[in-house]
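Before any comments, here is the structure.
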Amino acid sequence: MITGPSGVGKGTLIRSLIDRIPALELSVSATTRPPRPGERDGVAYHFLGRDEFDARVAAGDFVEWAEYSGNRYGTLRAELEERLRRGAPVVLEIEVQGARQVRDQLPDAVQVFIAPPSGETLRTRLIGRGTDTQEQVRRRLETAAEELAAQPEFTHVVINDRLEEAVGSLVAIVEHELAAA
Ligand code: 5GP
């Protein structure tokens, strides 16, 4: 699982990681956040209404879920279990509260925390990507401060300063873990 604050570049890093190790399969999360332009249902996320999300929480359909910046996000058991049965390596991209739940439930999961080179870089990236309103950026940065404090809890930390170097570190970690599995 790959965790770290919003705006740190988890999505970009994961795309590059899967390009380099195509056997990896990305779990598609569920969220109550509305789709951003270009995000397709079932591809970017499974977009659910709040009631449907909560009903599926009650039904035990989630391995983990968390409230983040006013919306809910979670990993569906269905996304994970069939792949784990097949022995396929699954990648989860999740925020820190969810990562803690996965760590408790799946202690063998490889844990990678992606950190920014500085707090300022996060702010610049969150504003620069232009997907969030000023208020949302403010909330995400507030949450990021707490998330950054959780960094020492995770086995591997990759600093996303220069993209190619960060991808290289991530690939090395995953290749090492896959060889050991
Ligand atoms: P965004 O709204 O930017 O797509 O995602 C907000 C945060 O939710 C990001 O940190 C992202 O990694 C996280 N996230 C995405 N999917 C999941 C999930 O299934 N579970 C949890 N706990 N967090 C998720």
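The values are calculated or read from the model by the stated rules, or taken from the named source; none is laboratory data. Quick caveat, the model's predicted, so the values are computed rather than measured. In this analysis, Cβ positions are derived from the backbone assuming ideal geometry, glycine residues included, and neighbour counts consider all displayed protein chains. SASA here: full protein model, heavy atoms, side chains in, ligands and nucleic acids out. Shrake-Rupley method; radii C 1.70, N 1.55, O 1.52, S 1.80 Å.
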Practice prompt. Please list the radius of gyration and Dmax for the chain, considering alpha-carbon atoms only, with Å as the unit.
Written response: 15.7, 44
Worksheet, complete the sentence: The percentage of the accessible area of the range 35-77 (probe 1.4 Å, all protein chains present) made up of carbon and sulfur atoms, to the nearest whole number, is 49
Worksheet item: Using unit Cβ charges (K, R positive; D, E negative) and no other charged atoms, how large, in debye to the nearest 20, is the dipole of the chain about its Cα centre?
Response: 340
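With a probe of 1.4 Å, find how much accessible area the chain has per residue, and write the answer as a whole number in Å².
52
Let a ≥ b ≥ c be the square roots of the eigenvalues of the Cα gyration tensor of the range 103-181; is it rounded (a/c under 1.5), or, if not, prolate (a/b larger than b/c) or oblate?
Numbers: a/c = 2.62, a/b = 1.69, b/c = 1.56.
Prolate shape, in that a/c is at least 1.5 and a/b is the bigger ratio.
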Practice prompt. With label points built 7 Å along Cα→Cβ from the Cα atoms of Ala88 and Gln134, find their separation and express it in nm.
Written response: 4.5
